[in-house]
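Asks: Just dropping this structure here.
The values are calculated or read from the model by the stated rules, or taken from the named source; none is laboratory data. On a predicted model such as this, the values are computed, not experimentally measured, just so you know. As a convention, Cβ positions derive from the backbone with ideal geometry for all residues, glycine included, and neighbour counts pool all protein chains shown. Accessible surface areas use protein heavy atoms only, side chains included; no ligands, DNA or RNA. Shrake-Rupley method; radii C 1.70, N 1.55, O 1.52, S 1.80 Å.
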Amino acid sequence: QVQLVESGGGLVQAGDSLRLSCAASGRTFSSYGMAWVRQAPGKEREFVAAISLSGIGTYYSDSVKGRFTISRDNAKNTAYLQMDSRKPEDTAVYYCAAKMGGSIRSKTTDYDYWGQGTQVTVSL
């Protein structure tokens, strides 16, 4: 089992950059495929990005492709989401999620472990 804690959210202006972090407990972080998922007010959870065990493979939703970058540092048990060129529609609670195994999945239901979320608000 793995426990996840997100950090780095806040209020920023459109166009600014921000990096979210997801710290994982346990010594088997490298065994978990990781993802970021967001949920805007009144909407369902939306897949944002996923990364393979080694960090070489990544996959993004069309809404963030080219603007966001997912990465991981297995030595630090941490996953990241670099958010550039942000837009007001990126405002949401961002969740870190994990699943056993390295195949990249874009369905939120494929992930077994979730953090508590961090709020990101983008203003004009």
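Asks: Report every pair of residues separated by at least 6 positions or lying on different chains whose Cβ atoms are under 7 Å apart, first residue within the stretch 105-117 and under 14 Å from E44 (Cα atoms), second open to solvent by 100 Å² or more (accessible area, probe 1.4 Å) and β-branched (V, I, T).
Replies: none
Asks: Next question, about the same structure. Quickly run through the stretch 9-57 and pick out the residues that are surrounded by fewer than 16 Cβ atoms within 10 Å (Cβ to Cβ) and either touching a residue at least 60 places away in the same chain (Cβ under 8 Å) or not in a loop (DSSP other than H, G, I, E, B) (or both).
Replies: Within the stretch 9-57, G10, L11, Q13, A14, G15, D16, S17, R19, S30, S31, Q39, E46 meet the criteria.
Asks: Taking the criterion of being in contact with a Phe, Trp or Tyr (Cβ under 6 Å, 6 or more places away or on another chain) and either assigned to a loop (DSSP other than H, G, I, E, B) or open to solvent by 50 Å² or more (accessible area, probe 1.4 Å) (or both), would at least one residue in the stretch 76-91 satisfy it? Show your work before the answer.
Replies: Within the stretch 76-91, the first condition is being in contact with a Phe, Trp or Tyr (Cβ under 6 Å, 6 or more places away or on another chain), and the residues that meet it are 77, 81, 83.
Then keep just the ones that are either assigned to a loop (DSSP other than H, G, I, E, B) or open to solvent by 50 Å² or more (accessible area, probe 1.4 Å) (or both); that gives 77.
Within the stretch 76-91, one or more residues are in contact with a Phe, Trp or Tyr (Cβ under 6 Å, 6 or more places away or on another chain) and either assigned to a loop (DSSP other than H, G, I, E, B) or open to solvent by 50 Å² or more (accessible area, probe 1.4 Å) (or both).
Asks: Among the residues of the stretch 35-59 satisfying the criterion of being of a type in the set (A, V, I, L, M) and out of contact with any Lys or Arg (no Cβ under 6 Å at 6 or more places or on another chain), which is farthest from N77 (Cα to Cα)?
Replies: Here the answer is A40.
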